[in-house]
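To keep things clear, I will list the structure first and then write my remarks on it.
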Amino acid sequence: MSDRRHFLKQGLPAAALLLSACTQDKATEPGDKNDKFAANKPVVISTWRHGLAANAGAWEVLENGGSALDAVEAGVRITEADPDGRSVGLGGRPDRDGIVTLDACIMNSRGDCGSVAALENILHPITVARRVMEDTPHVMLVGQGAKDFALSLGMEEIDLLLPETREEYTNWKKNNPDYRPPINVENHDTIGLLALDKNGDLAGACTTSGAAFKYHGRVGDSPIIGAGLYVDNEIGGATATGWGEAVIRAVGCFLVVEFMRQGHSPNDACKLAVERVISKNPDWKNIQVGFIALAKDGRSGGYCIQSGFDYALQEPNKQAEMLVPGYVIEAPQ
């Protein structure tokens, strides 16, 4: 494929570089890795407890010298194929019409990105998104067009609605037609994964079956570059989870990366982005939004609106761990 994606790329303006260099670094917070800097690689970080298995898949790629891009795809494919999950891929809860629709995006260290939205009956939307990035002149394909593209690649159709989720849907439609399930630990709406490889390159992936019982055709932040995911190889990457509409209003992940560009730590950057989300969403006490971030130097962090969000971290010479980020308010019991 030609380099047509890159011929307009000019790099950062000198003024932005000067600002970054002159901005005072923020104080270390729990979860930051300021003591290791660029020696801390590879690193994998992902949202929620199902991120542990995803991180393990990504880590295997990285330990064998693979790229961050290959790692993030391999990691989230594990979650997409997990029938026990209810918010990603196989086993994901359907929309109001009983249809499971999938959204995903991926971004590499060069700034290339690919995305699919409202995709039906394909097991691995993240792989379709990568092929959009690598094999087409586009960034996003949606609906039937995305499905047709996946089928042209030789991918097979699969029924993503399992008996358990079909029963959930039937009960919901009968008893709670106007109920919007909360975005919390039971219905967390995504997996986002960021990786830093041994070469110091970053990549990210985000994939979801979206909010349970959403309107058919609804698309949240997860497949939108800058909202649900953003990677800048000079600075770092960020991904989001929670109520997608709120993240979109703040262009959340781009914002996190820009705060890191200004010199803020990953934790601080995520906190500032959460504050921006709150300012743009009057109903913020009724929703959950969380961000995680991975800096170019290997530091990581996160922050969220309500308690209950956690994320998985894998670093060199350490056991995989789950971390609980800072938050604004306690979630209702």
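The values are calculated or read from the model by the stated rules, or taken from the named source; none is laboratory data. Quick caveat, the model's predicted, so the values are computed rather than measured. Heads up, the Cβs are rebuilt from the backbone with ideal geometry, glycines too, and the neighbour counts pull from every protein chain shown.
Considering only residues in the stretch 284-305 that are modelled with pLDDT under 95 and touching an Asp or Glu at 6+ places or on another chain (Cβ under 9 Å), the one that is farthest from Y327 (Cα to Cα) turns out to be I287. The set of residues in the stretch 60-77 being buried (at least 20 other Cβ atoms within 10 Å of the Cβ) and in contact (Cβ under 8 Å) with a residue 24 or more places away in the chain consists of L62, A68, L69, A71, V72, E73, G75, V76, R77. Of the residues contained in the stretch 274-290, none is found to be more than 22 Å from A211 (Cβ to Cβ), touching a Lys or Arg at 6+ places or on another chain (Cβ under 8 Å) and part of a loop (DSSP other than H, G, I, E, B). Selection over the stretch 291-322 of residues that are assigned to a loop (DSSP other than H, G, I, E, B) and touching a residue at least 12 places away in the same chain (Cβ under 8 Å) gives a count of 11.
I'm trying to understand the selection: among the residues of the stretch 81-116, which are outside any loop (DSSP other than H, G, I, E, B) and among the aliphatic types (A, V, I, L, M)?
L102, A104, I106, M107, V116 - these are the residues of the stretch 81-116 that are outside any loop (DSSP other than H, G, I, E, B) and among the aliphatic types (A, V, I, L, M).
Taking the listed residues E275, E245, the one that is out of contact with any strand residue (DSSP E or B) (no Cβ under 6 Å at 6 or more places or on another chain), free of Cβ contacts under 8 Å to residues at least 60 places away in the same chain and closer than 21 Å to V324 by Cα is E275, with no other qualifying. Among residues of the stretch 156-175 that are within 19 Å of G210 (Cα to Cα) and at pLDDT 90 or above, those with a Cβ under 6 angstrom from a residue that is β-branched (V, I, T) and not in a helix (DSSP H, G or I), sequence gap 6+ or separate chain, pair up as L160/V100; L161/V100.
Exactly one residue out of P282, P316 is surrounded by fewer than 23 Cβ atoms within 10 Å (Cβ to Cβ) and closer than 19 Å to A71 by Cβ: that is P316.
Filtered by the rule that a residue be crowded, with 20+ Cβ neighbours inside 10 Å and either part of a loop (DSSP other than H, G, I, E, B) or at pLDDT 95 or above (or both), the stretch 41-56 gives K41, P42, V43, V44, I45, S46, T47, W48, H50, A54, N55.
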